[in-house]
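Undergrad: Structure incoming, see below.
Derivation of every value follows stated rules applied to the coordinates shown; laboratory data play no part. A quick note: this is a predicted structure, and the numbers were derived from the prediction, not measured. Virtual Cβ from ideal backbone geometry, glycine too; neighbours counted across all protein chains shown.
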Amino acid sequence: MDYKKGFNIKPEKILNTGRVIFTNGTNEILPNQIACEAYGYTYNSATGTCDAFKYNTTVARKFDNILNNTSGGSTESGTKDTILNGQENTTKGDNYNNIINGQKQELAQGVKNSIILSGKYGIAENQGEVVIGGGGFNEALGMSQTSFIQQSGNTTDATQTALLTQYLPLTYIQKVKNSVIGFEANIIGVNTGIGEGTTGHYGYVQVKGAVKFGNSLESQYSQATTHIVSAGQSGINITAVMKDITATSFGVAVTGLDETYIQWTADIKLFRNNIEQTF
């Protein structure tokens with residue numbers, strides 16, 4: 001679209017909500033009422049936005065929830081390619097490529113590529129998580145459950161580095177208030193041959209323990225590390241630990257070797273006991 005006479009901005013795109021975004025040729029901007037109406041759109045003075053059409057939440061919800069099998073529950077807006085099998089299962093929205101089996105289980109908002117395999121009252125709160133619901137004492141979600149999570153990452157030196165859930169930027173395991181979570185993590189680091197060392201040399205450690213999260217998500221860890229494969233033969237010396245990564249998340253942190261490019265994977269099993277009382 002060309003610039004209208006007397007204006008140095010023009011429409012660039014229309015969002016699925018109907019909002020029109022303008023551009024000055026370099027940056028995206030929101031137009032004032034005069035510019036909006038000059039291009040034939042409707043200005044919403046209540047929101048200060050330029051609209052191409054009125055957003056219908058009912059219609060949008062139907063279109064956003066596509067390619068789902070929801071015979072076993074209900075989905076909220078933005079759920080796609082998801083199967084619900086059982087009774088009273090729910091997704092909280094923006095959920096893609098998931099499966100829920102069982103009863104009264106839930107996918108937290110934004111969780112993708114996850115499976116709740118069986119049981120009752122399980123909740124998936126992490127990307128790519130596999131959950132078995134433990135019944136929740138027939139009271140609430142996530143009070144008792146087992147889950148499996150994959151983390152991975154790379155190091156080029158001996159700086160401690162947090163691994164990423166599903167190798168997604170800044171994505172770790174979510175803490176749970178007033179809970180004790182047991183964990184078993186199998187961590188493998190493989191020398192890729194970039195930098196120092198020999199391609200294919202590797203280290204393998206197991207970290208087992210538990211963490212208690214209080215009502216303010218403060219943490220207390222008890223854990224032990226076993227080196228299954230270390231220096232000697234084809235092994236390299238690596239270390240790993242389960243720890244807080246942010247105020248609201250935790251996960252595996254690894255330490256590699258100076259000037260050595262190591263590719264890491266962590267297979268993590270979590271055992272969750274979450275109580276209603278506060279710590």
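Undergrad: In segment 1-51, what residues are crowded, with 16+ Cβ neighbours inside 10 Å and part of a loop (DSSP other than H, G, I, E, B)?
TA: Scanning segment 1-51 gives I9, G18, P31, Y39, Y41.
Undergrad: Name the one entry in V176, V180 that is closer than 25 Å to Y121 by Cβ, of a type in the set (A, V, I, L, M, F, W, C) and surrounded by fewer than 18 Cβ atoms within 10 Å (Cβ to Cβ). Write out each step before concluding.
TA: Values: V176 fails: surrounded by fewer than 18 Cβ atoms within 10 Å (Cβ to Cβ).
Answer to the selection: V180.
Undergrad: Another question, if that's okay. Filter segment 160-173 down to residues that are touching a residue at least 40 places away in the same chain (Cβ under 8 Å) and assigned to a loop (DSSP other than H, G, I, E, B) and give me whichever is surrounded by the most Cβ atoms within 10 Å (Cβ to Cβ).
TA: Ranking the candidates gives L163 first.
Undergrad: Can you name every residue in segment 205-216 that is surrounded by fewer than 18 Cβ atoms within 10 Å (Cβ to Cβ) and among the hydrophobic types (A, V, I, L, M, F, W, C)? Spell out how you get there, then give the answer.
TA: Residues of segment 205-216 that are surrounded by fewer than 18 Cβ atoms within 10 Å (Cβ to Cβ), as a first pass: 206, 208-210, 212, 214-216.
A210 - this is the single residue of segment 205-216 that is surrounded by fewer than 18 Cβ atoms within 10 Å (Cβ to Cβ) and among the hydrophobic types (A, V, I, L, M, F, W, C).
Undergrad: If you don't mind, another one. Within segment 145-159, restricting attention to residues that are crowded, with 20+ Cβ neighbours inside 10 Å and among the hydroxyl-bearing types (S, T, Y), which residue is farthest from the chain's Cα centre (by Cα)?
TA: T155
Undergrad: Still on this model: Which of (1) part of a loop (DSSP other than H, G, I, E, B); (2) farther than 24 Å from T239 by Cβ does D157 not meet, given it meets every other one?
TA: The failed condition is (2).
Undergrad: Next up: Going through segment 191-204 one residue at a time, which ones are surrounded by 15 or more Cβ atoms within 10 Å (Cβ to Cβ) and either assigned to a loop (DSSP other than H, G, I, E, B) or within 25 Å of the chain's Cα centre (by Cα) (or both)?
TA: G197, H201, listed by residue number.
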